[in-house]
Amino acid sequence: MDKNVISVITVEEKRDVSTGIIYRKRIAVCQNVVPEILRKVSILKVPSIQLEEESWLNPQERNMAIRSHCLTWTQYASMKEESVFRESVENPNWTEFIQRGRISITGAGFLNCILETFASTFLRQGAQRGIRIMEMLLKEQCGAPLAE
């Protein structure tokens, strides 16, 4: 549901019969959102970026964990993200969202800092988009009004 996502392929899906946890591994192909000015650097001039995402959905405990990392530019950059959606202890009808990310860029000389700043901003905006998408999906599936 994100405009930058070109395609998503599920490469593995399984359910643990003892716990009920559903595991999925997916590969997403996304548009290269690196600003054109930075694409003057040859390694950044690629049409798309690949991400690997693993998720663990536990319907019994009403939580989901997601871990993703970038498969493109692995020799120059490490971009990892972890998210958890879980039932709030304050109200079982609320969802808590916790997200952590780590970005490290090497081998780009003086551009390391610029690229890390861009990547950090992009991931922060992506988290906000993710929250809006999740809220929309929950509203569609559950019909519950959203808290403003």
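Tell me, yes or no, whether the range 47-60 has at least one residue that is in contact with a Gly (Cβ under 9 Å, 6 or more places away or on another chain), open to solvent by 70 Å² or more (accessible area, probe 1.4 Å), in a loop (DSSP other than H, G, I, E, B) and within 25 Å of Ile131 (Cα to Cα).
Taking every residue of the range 47-60 in turn, at least one turns out to be in contact with a Gly (Cβ under 9 Å, 6 or more places away or on another chain), open to solvent by 70 Å² or more (accessible area, probe 1.4 Å), in a loop (DSSP other than H, G, I, E, B) and within 25 Å of Ile131 (Cα to Cα).
Can you pull out the residues in the range 62-91 that are in a loop (DSSP other than H, G, I, E, B) and in contact (Cβ under 8 Å) with a residue 24 or more places away in the chain?
Within the range 62-91, Arg62, Leu71, Thr72, Trp73, Gln75, Tyr76 meet the criteria.
In the list Ser83, Ser104, Ser88, which residue meets the criterion of being under 23 Å from Asn32 (Cβ atoms), open to solvent by less than 40 Å² (accessible area, probe 1.4 Å), of a type in the set (S, T, N, Q) and at pLDDT 70 or above?
Ser83
Looking at this structure, is Gly109 farther than 25 Å from Ile21 by Cβ, small (Gly, Ala, Ser) and modelled with pLDDT of 70 or more?
Judged against the criteria, Gly109 is a match.
Out of (1) at pLDDT below 70; (2) under 23 Å from Lys3 (Cα atoms); (3) in contact with a strand residue (DSSP E or B) (Cβ under 9 Å, 6 or more places away or on another chain), what's the single condition that is false for Ser120?
If we test Ser120 against (1) at pLDDT below 70; (2) under 23 Å from Lys3 (Cα atoms); (3) in contact with a strand residue (DSSP E or B) (Cβ under 9 Å, 6 or more places away or on another chain), just (1) comes out false.
Does Glu96 fit the bill of being surrounded by 15 or more Cβ atoms within 10 Å (Cβ to Cβ), closer than 20 Å to Glu135 by Cβ, of a type in the set (D, E, K, R) and modelled with pLDDT of 85 or more?
Spelling it out, it is not the case that Glu96 is surrounded by 15 or more Cβ atoms within 10 Å (Cβ to Cβ), closer than 20 Å to Glu135 by Cβ, of a type in the set (D, E, K, R) and modelled with pLDDT of 85 or more.
Answer with yes or no whether Cys70 is closer than 27 Å to Tyr23 by Cβ, open to solvent by 90 Å² or more (accessible area, probe 1.4 Å) and modelled with pLDDT under 90.
no
On the given criteria, is Ser7 in a strand (DSSP E or B), touching a residue at least 12 places away in the same chain (Cβ under 8 Å), among the small types (Gly, Ala, Ser) and exposed (fewer than 15 other Cβ atoms within 10 Å of the Cβ)?
Here the answer is yes, as Ser7 does meet what is asked.
Restricting attention to the range 16-61, report how many residues are in contact (Cβ under 8 Å) with a residue 60 or more places away in the chain and in contact with a strand residue (DSSP E or B) (Cβ under 7 Å, 6 or more places away or on another chain).
Matching residues across the range 16-61 total 0.
Of everything in the range 15-46 that's within 17 Å of Asn4 (Cα to Cα) and at pLDDT 90 or above, which residue is most open to solvent (accessible area, probe 1.4 Å)?
Arg26
The values are calculated or read from the model by the stated rules, or taken from the named source; none is laboratory data. The structure presented is a predicted model; accordingly, all values stated were derived computationally and were not measured. Neighbour counts are summed over all protein chains in view; Cβ atoms, including those assigned to glycine, are modelled from backbone coordinates with ideal geometry. These accessible areas exclude ligands, DNA and RNA; they are computed on the full protein's heavy atoms, side chains included. Shrake-Rupley method; radii C 1.70, N 1.55, O 1.52, S 1.80 Å.
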